[in-house]
1. Only one of B:GLY47, B:GLY69, B:GLY52, B:GLY40 is in contact with a Gly (Cβ under 8 Å, 6 or more places away or on another chain) and touching a residue at least 12 places away in the same chain (Cβ under 8 Å); which?
2. What's the number of the condition B:ILE176 fails, among (1) within 16 Å of ligand 2 (Cβ to nearest atom); (2) surrounded by 22 or more Cβ atoms within 10 Å (Cβ to Cβ)?
3. Just a yes or no: is a residue in the range A:223-242 within 23 Å of B:ILE111 (Cα to Cα), more than 11 Å from every other protein chain (Cβ to nearest Cβ) and open to solvent by 50 Å² or more (accessible area, probe 1.4 Å)?
4. Can you tell me which residue among B:ILE108, B:ILE122 is at pLDDT below 95, aliphatic (A, V, I, L, M), assigned to a helix (DSSP H, G or I) and over 22 Å from B:LYS7 (Cβ atoms)?
5. If I filter the range B:97-111 down to residues being away from chain A (no Cβ under 14 Å) and not aliphatic (A, V, I, L, M), which single residue comes out as surrounded by the fewest Cβ atoms within 10 Å (Cβ to Cβ)?
6. Inside the range B:137-146, can you point out the residues that are open to solvent by 40 Å² or more (accessible area, probe 1.4 Å), part of a helix (DSSP H, G or I) and farther than 18 Å from B:ARG110 by Cα?
7. Step by step: first the residues of the range A:196-207, then only those that are under 18 Å from A:GLU176 (Cα atoms) and within 13 Å of chain B (Cβ to nearest Cβ), then the one that is least open to solvent (accessible area, probe 1.4 Å). Which residue is that?
8. Could you check the range B:156-168 and list, in sequence order, the residues that are within 17 Å of B:CYS212 (Cβ to Cβ) and surrounded by fewer than 24 Cβ atoms within 10 Å (Cβ to Cβ)?
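The values are calculated or read from the model by the stated rules, or taken from the named source; none is laboratory data. This one's a predicted model, so the numbers in the text were calculated from it and none came from an experiment. Neighbour counts run over all protein chains shown; Cβ positions are idealised from the backbone, glycine included. For accessibility, only protein heavy atoms count, side chains too; no ligands or nucleic acids. Shrake-Rupley method; radii C 1.70, N 1.55, O 1.52, S 1.80 Å.
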Amino acid sequence: MNALLEAQSVGHSYAGGQLGCEDVSFRLYPGEVLGVVGESGSGKSTLLGCLSGMIEPSQGSVRFDAGGQGLRDVFSLSEPERRLLMRTDWGIVRQNPRDGLRMNVSAGGNVGERLMAVGARNYTEIRGEALDWLTRVEIPSGRIDDLPRTFSGGMQQRVQIARILVSKPRLVFMDEPTGGLDVSVQARLLDLLRGLVRDLGVAAVVVTHDLAVVRLLSDRLMVMRQGRVVESGLTDQVLDDPQHPYSQLLVSSVLQA
Amino acid sequence: MTQNLLKLRVQNLHKTFTLHGRGGIELPVFQDVSFDVASGECVALVGSSGSGKSTLLRSLYANYLPSSGKILINHHGNWVDIASVEARTKLEIRRETIGYVSQFLRVIPRISSIDLVAEVAIAGGSPSEKAMEAAVGLLRRLNLPEHLWNVPPATFSGGEQQRVNIAMGLVRPYSILLLDEPTASLDAVNREAAIELILEAKKQGAAIVVICHDEIARDRLADRLFDVSQFKAAA
Ligand SMILES: Nc1ncnc2c1ncn2[C@@H]1O[C@H](COP(=O)(O)OP(=O)(O)OP(=O)(O)O)[C@@H](O)[C@H]1O
Ligand SMILES: Nc1ncnc2c1ncn2[C@@H]1O[C@H](COP(=O)(O)OP(=O)(O)OP(=O)(O)O)[C@@H](O)[C@H]1O
Ligand SMILES: [Mg+2]
Ligand SMILES: [Mg+2]
């Protein structure tokens with residue numbers, strides 16, 4: 001099987017020399033879920049930005065296999081090509097649903113818009129599919145015409161997920177997908193994500209500070225500290241038998257993951 | 001014929017935990033452990049509490065990382081060192097070749113018992129209907145009351161949880177089975193049911209490594225004993 005995404009010595013420094021991340025390399029295969037954990041400021045969001053085409057890394061390369069054509073450098077694509085990729089093969093779940101949704105467009109419209117971006121034109125079909133996806137993320141069908149701002153945070157997050165998954169991406173990036181939600185809502189959202197990732201076979205990179213989230217969702221885990229990956233391996237191995245001093249500290253600081 | 005086919009080869013395995021949080025002290029567990037397990041054979045790990053039986057078994061499942069040595073797994077006829085191969089292959093080996101029953105059940109929360117068992121089969125490639133049938137068959141043979149099938153095991157008794165755990169480990173025809181105290185919290189009737197199932201897997205050619213304090217169960221399952229305390233590394 002060929003890799004879907006490949007990071008090679010990816011590094012990024014912000015203007016002014018602030019280190020974001022450095023020397024990150026890995027390969028992600030179709031259907032695999034990679035978790036990224038680490039302390040605040042360790043470069044997780046920076047890395048996710050580099051991987052998902054939003055931040056051009058100052059070092060290294062990010063390559064993606066669009067439609068089985070072999071790995072191509074994401075940042076050597078033309079701007080329209082990259083935009084198309086972001087709307088079709090990729091989905092980015094933002095920590096704040098407001099960044100991932102159009103707040104002045106109805107829930108159904110938010111989902112339908114992604115379909116139109118990939119060429120759907122039949123209004124009835126688009127609405128039908130939007131409704132189907134909103135139902136899958138447990139949004140009552142009666143709310144399809146409501147604006148996202150009338151929804152709770154957890155519901156907004158679910159609309160965002162429906163919006164992304166409707167175009168059947170092959171790779172989803174998530175930055176703290178359960179951040180800011182209360183615990184019972186987190187649990188439902190996680191169950192939902194896990195089911196969808198399973199059923200659709202999409203690959204994902206999930207950034208979180210919550211070890212229980214990666215225990216549940218990810219096959220593999222990378223632990224980051226000060227911009228670097230200090231340990232990586234099978235999720236359960238890294239959590240049950242962490243090798244690096246920082247991973248040991250991270251695991252021992254939580255009660256039970 | 002298949003009786004002599006090796007499924008698992010452990011070579012010069014060594015495990016030391018380094019506790020960085022406690023000044024980097026080293027906790028040597030075992031060194032230079034080597035043994036082979038063939039198809040249809042069951043080896044019981046023995047040794048005092050803390051001698052490293054579970055650590056060894058977890059290493060065989062790639063849940064713990066050995067400090068050195070090899071763990072060669074016969075994965076579809078190829079020898080693969082599960083200790084050093086890339087993560088993706090470790091997962092593939094777990095899906096397709098090795099079944100593991102941990103000492104205590106630890107599963108994805110909020111999923112019903114029957115789905116937990118069926119999902120293992122589905123992940124290994126069974127169509128969902130077949131997987132569900134297999135799950136039903138196993139839970140029935142393990143006498144898990146039917147009204148519990150649709151309940152997540154979080155609230156189950158120790159013995160009920162352990163039966164879900166056993167069902168998850170036996171639902172696929174794995175060629176290697178790693179069992180950590182599979183019968184520990186079971187009453188006599190359920191212990192018998194579990195032993196029968198494990199013996200059937202063995203007859204079908206599984207290479208089994210088991211930890212089992214209960215001597216009656218151990219005598220029925222194991223062809224030979226492997227004493228882990230003999231390999232205690234100097235501190
Ligand atoms: N736009 C920016 N300009 C300058 N420095 C930045 C910028 N964004 C992030 N940084 C810095 O880069 C480093 C890594 O930040 P990043 O957001 O990737 O961390 P993180 O691991 O996602 O942290 P958190 O868990 O708090 O979200 C930090 O030191 C941060 O201050
Ligand atoms: N994740 C871990 N981190 C650090 N030390 C560990 C870890 N797991 C086990 N150990 C230590 O390794 C040693 C062997 O433990 P292990 O659980 O393998 O023993 P055991 O032979 O299975 O004992 P028992 O019969 O009581 O189950 C013990 O000293 C234990 O504290
Ligand atoms: Mg961040
Ligand atoms: Mg033990």
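1. Working: B:GLY47 fails: in contact with a Gly (Cβ under 8 Å, 6 or more places away or on another chain); B:GLY69 fails: in contact with a Gly (Cβ under 8 Å, 6 or more places away or on another chain); B:GLY52 fails: in contact with a Gly (Cβ under 8 Å, 6 or more places away or on another chain).
Being in contact with a Gly (Cβ under 8 Å, 6 or more places away or on another chain) and touching a residue at least 12 places away in the same chain (Cβ under 8 Å) holds for just one of B:GLY47, B:GLY69, B:GLY52, B:GLY40, which is B:GLY40.
2. (1)
3. No, the range A:223-242 has no match at all.
4. Numbers: B:ILE108 fails: assigned to a helix (DSSP H, G or I).
Criteria check complete, one pass: B:ILE122.
5. The residue in question is B:THR97.
6. Filtering the range B:137-146 down to residues open to solvent by 40 Å² or more (accessible area, probe 1.4 Å) leaves B:140-141, B:143, B:145-146.
Okay, now just the ones that are also part of a helix (DSSP H, G or I), so B:140-141, B:146.
Answer for the range B:137-146, where residues must be open to solvent by 40 Å² or more (accessible area, probe 1.4 Å), part of a helix (DSSP H, G or I) and farther than 18 Å from B:ARG110 by Cα: B:ARG140, B:ARG141.
7. Top of the filtered list is A:ALA203.
8. Filtering the range B:156-168 for residues within 17 Å of B:CYS212 (Cβ to Cβ) gives B:158-159, B:162-163, B:165-166.
Once the filter is applied, which keeps residues that are within 17 Å of B:CYS212 (Cβ to Cβ) and surrounded by fewer than 24 Cβ atoms within 10 Å (Cβ to Cβ), the range B:156-168 yields B:GLY158, B:GLY159.
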